[in-house]
Amino acid sequence: MMELAAPLAQEIVTQMKEIIHQEINFMNKQAIIMASTDPDRIGKMHGGAKEVIKTKRPLTIATDYSYPGSKKGINIPIYFEQEIIGVIGITGEKEKVQQHGELIKKMTEILIKEDYLKDILSKQRDRSRHIISALLHQEISSKAADTPDPFSYDYSIPHVAVIGKCTSIPLDLRNDLHKIIEQSAILDHKHIFTILSDQLYILFREETTSNVQHILRQLVDEIHSKTTLPFRFGIGLRSESQKEARQSFIQAADALKWTILSNHTVELYQEMDNGILYAGLSEEKAAHYSHKILSGIPSDEREELKLLFFTYGETNKSVAKSAEKLFLHKNTFQYKLNKIQHYTGYDPKVVNDYVVLYSAFVLESLSSSTIV
């Protein structure tokens, strides 16, 4: 049963007075004046409203106090989903107030419905945020049973966890982003999502990650067209329990991290190969490893030699092709390649050394880059 809050009722009568310039009261279902443009009348019984609630019909009062606590004017029942939730009264001469009655009734009912929908949306956002936050912050244990869920959310339905990120989400765009996703025809309302810090977390109710990938590609385009925010997404594996859903978010985080090097807008954990090893490594271990191998390279040469090294790998260790790709003379390329061995002690031409260097450069990129 709908109960109108007093602050909303007061806001309504204040707005209505600005339109028709008459004193206005709002009475609850007990016929008590809960809001009024005349503060002295708030909290008092209104006999006319009591009659309106009883008969479910408008009532025009010709003289003051012909009904207890009432003044002359018109009193109209206000409905929400076919139920009377109160009465709005316009004080004044009959000829002045009757012409405003139906307009004020409709506007009041519209404002109440809008506030109700905002409240429902706010509760949905809160519930989604709490469900996802609980998943993210609950410690994962392969041996532990799923913890009790206070939100009665059904995790047995197939889900896929997704994490999206851009460089940053400005505060003034955060609510806009919520609205874009909520109103998007692409994203079904059965999915839940929330924005925490600068990351977008979505728990899809979907059977396959390929469906999720298709939806996300469209969502990336839609968000960018309306906000210019350049999002990238990581997609975890399908889950069918609370514990698996938590794990899916961890996988999504690794897939998102790997977009830095794969240069994909949307990355699936299930399609990653060596990225699973690198992205899953803790930041502390990754930083320690890359520093151990690469610390001898001067900072002003690091990016140049990293590009040169990756190009060397992409061309299957062809000096000629690598030099051509980077617009360098072969001898210049070879000279710079030898610099890597000089600074690190590892020779890119030797298979094992190449793997060590590759791992170090990859882990450095993952720990130092931002998604743009």
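Here are the numbers:
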quantity	calculated
Members of the stretch 203-219 found to be within 18 Å of the chain's Cα centre (by Cα) and closer than 28 Å to S282 by Cα, listed by number	L203, F204, V212, Q213, L216
Any pair with Cβ under 7 angstrom, 6 or more apart, that starts in the stretch 326-348 at a residue that is over 18 Å from E303 (Cβ atoms) and part of a loop (DSSP other than H, G, I, E, B) and ends at one that is of a type outside the set (S, T, Y) and open to solvent by 50 Å² or more (accessible area, probe 1.4 Å)	D347/Q341
Residue in the stretch 91-98 that is at pLDDT 95 or above and crowded, with 22+ Cβ neighbours inside 10 Å present	yes
Matching residues, the stretch 273-293, being surrounded by 13 or more Cβ atoms within 10 Å (Cβ to Cβ), out of contact with any helix residue (DSSP H, G or I) (no Cβ under 6 Å at 6 or more places or on another chain) and under 18 Å from F249 (Cβ atoms)	I276, L281
Subset of the stretch 203-238 [open to solvent by less than 30 Å² (accessible area, probe 1.4 Å) and in a strand (DSSP E or B)]	L203, F204, F233, G234, I235, G236
So I260, is it over 22 Å from A134 (Cβ atoms) and part of a loop (DSSP other than H, G, I, E, B)	no
Residue satisfying condition, being open to solvent by 50 Å² or more (accessible area, probe 1.4 Å) and of a type in the set (A, V, I, L, M, F, W, C), within set L200, L256, L261, L196	L261
Top-ranked residue in the stretch 34-54 [being touching a residue at least 40 places away in the same chain (Cβ under 8 Å) and of a type in the set (A, V, I, L, M); ranked as least open to solvent (accessible area, probe 1.4 Å)]	A49
Contacts under 9 angstrom Cβ, first residue in the stretch 188-210 being of a type in the set (S, T, Y), partner at pLDDT below 85 and buried (at least 17 other Cβ atoms within 10 Å of the Cβ), 6 or more apart	S197/I169
Answer from E11, E3, E83, E23 - the residue that is farther than 21 Å from K118 by Cα and of a type in the set (D, E)	E23
Extreme residue, nearest to S262 (Cα to Cα), among residues of the stretch 327-372 that are open to solvent by 30 Å² or more (accessible area, probe 1.4 Å) and touching a Phe, Trp or Tyr at 6+ places or on another chain (Cβ under 7 Å)	V356
Pick from the stretch 55-70, criterion in contact (Cβ under 8 Å) with a residue 24 or more places away in the chain and within 23 Å of K96 (Cβ to Cβ), ranking: surrounded by the most Cβ atoms within 10 Å (Cβ to Cβ)	S70
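Yes/no matrix, rows are residues, columns are (1) in contact with a helix residue (DSSP H, G or I) (Cβ under 7 Å, 6 or more places away or on another chain); (2) assigned to a helix (DSSP H, G or I); (3) closer than 18 Å to N274 by Cα; (4) of a type in the set (D, E):
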| site | (1), (2), (3), (4) |
| --- | --- |
| L305 | yes, yes, no, no |
| Y312 | yes, yes, no, no |
| E324 | no, yes, no, yes |
| V362 | yes, yes, yes, no |
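The values are calculated or read from the model by the stated rules, or taken from the named source; none is laboratory data. All figures in this text were calculated on a predicted structure; none of them were measured in a lab. Virtual Cβ from ideal backbone geometry, glycine too; neighbours counted across all protein chains shown. Note: accessible area is taken over every heavy atom of the protein model, side chains too, but ligands, DNA and RNA are not part of it. Shrake-Rupley method; radii C 1.70, N 1.55, O 1.52, S 1.80 Å.
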